[in-house]
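These notes concern the structure reproduced below.
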């Protein structure tokens, strides 16, 4: 049995662990997390998570299993509500471009934004790096125009495209604004 969550990070971790235990345990832990730990109704949670409330009710009622994208959104929302969501912008580019980034933390509109680099030398490397960045908790992503249309289709975070006529810092600022909307 998983002990009751005592820290905000443990709430999302408890839901993740319950997924691997059993369907019943997952539903029980998710329901308790939403109703007791977060103090929300399923309808309120579904709105925050941008998941149709009918889907959430079906998942909690055992009439539907969540797909991976829905599960990620549930965990991301729990972390966001608890204030433990990771907050960085991933930049995917070739090493020479990444070497031009001198700041690892940039102040944008009064908010400190952490920049994390993901080096890629091929389109395939860039796609893999994008998926890895989202799994690592990136709140937005900056990448080259050759890969951005593909990446936008597979990620649930905002994607900004590096425009050769502007600086990479402007692309990071764009990503920061996109993730807030």
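For the stretch 104-123, a residue qualifies if it is part of a loop (DSSP other than H, G, I, E, B) and touching a residue at least 60 places away in the same chain (Cβ under 8 Å), and exactly one does: 109. Put simply, of 37, 65 the only residue that is surrounded by fewer than 17 Cβ atoms within 10 Å (Cβ to Cβ) and over 14 Å from the mean Cα position of the chain (by Cα) is 65.
Within the stretch 125-161, the set of residues being farther than 23 Å from residue 78 by Cβ and surrounded by fewer than 21 Cβ atoms within 10 Å (Cβ to Cβ) comprises 125, 127, 128, 144, 145, 146, 148, 149, 150, 152, 153, 161.
Going through the stretch 143-157 one residue at a time, which ones are touching a residue at least 12 places away in the same chain (Cβ under 8 Å) and over 12 Å from residue 171 (Cα atoms)? Let's see the steps before the verdict.
Initial filter on the stretch 143-157 (touching a residue at least 12 places away in the same chain (Cβ under 8 Å)): 143-148, 150-151, 154-157.
Hits for the stretch 143-157 are 146, 147, 148, 150, 151, 154, 155, 156, 157.
Look at the stretch 1-20: where a residue is farther than 26 Å from residue 64 by Cβ and a partner is at pLDDT 50 or above and surrounded by fewer than 18 Cβ atoms within 10 Å (Cβ to Cβ), sitting 6+ places away or on another chain with Cβ atoms under 6 Å, you get 8/84; 9/84. Candidates 140, 130, 126: the one that is in a helix (DSSP H, G or I), closer than 30 Å to residue 16 by Cβ and either in contact (Cβ under 8 Å) with a residue 40 or more places away in the chain or more than 21 Å from the chain's Cα centre (by Cα) (or both) is 130.
Right, residue 110: surrounded by fewer than 17 Cβ atoms within 10 Å (Cβ to Cβ), modelled with pLDDT under 85 and within 30 Å of residue 23 (Cβ to Cβ) or not?
Numbers: surrounded by fewer than 17 Cβ atoms within 10 Å (Cβ to Cβ): yes; modelled with pLDDT under 85: yes; within 30 Å of residue 23 (Cβ to Cβ): no.
Spelling it out, it is not the case that residue 110 is surrounded by fewer than 17 Cβ atoms within 10 Å (Cβ to Cβ), modelled with pLDDT under 85 and within 30 Å of residue 23 (Cβ to Cβ).
Of all residues in the stretch 41-62, those satisfying the criterion of being touching a residue at least 12 places away in the same chain (Cβ under 8 Å) and surrounded by 13 or more Cβ atoms within 10 Å (Cβ to Cβ) are 42, 45, 48, 49, 51, 55, 56, 57, 59, 60.
The values are calculated or read from the model by the stated rules, or taken from the named source; none is laboratory data. Nothing here was measured: the structure is a model prediction, and the numbers come from that model. Every residue, glycine among them, receives a Cβ derived from its backbone with ideal geometry; neighbour counts consider all protein chains shown.
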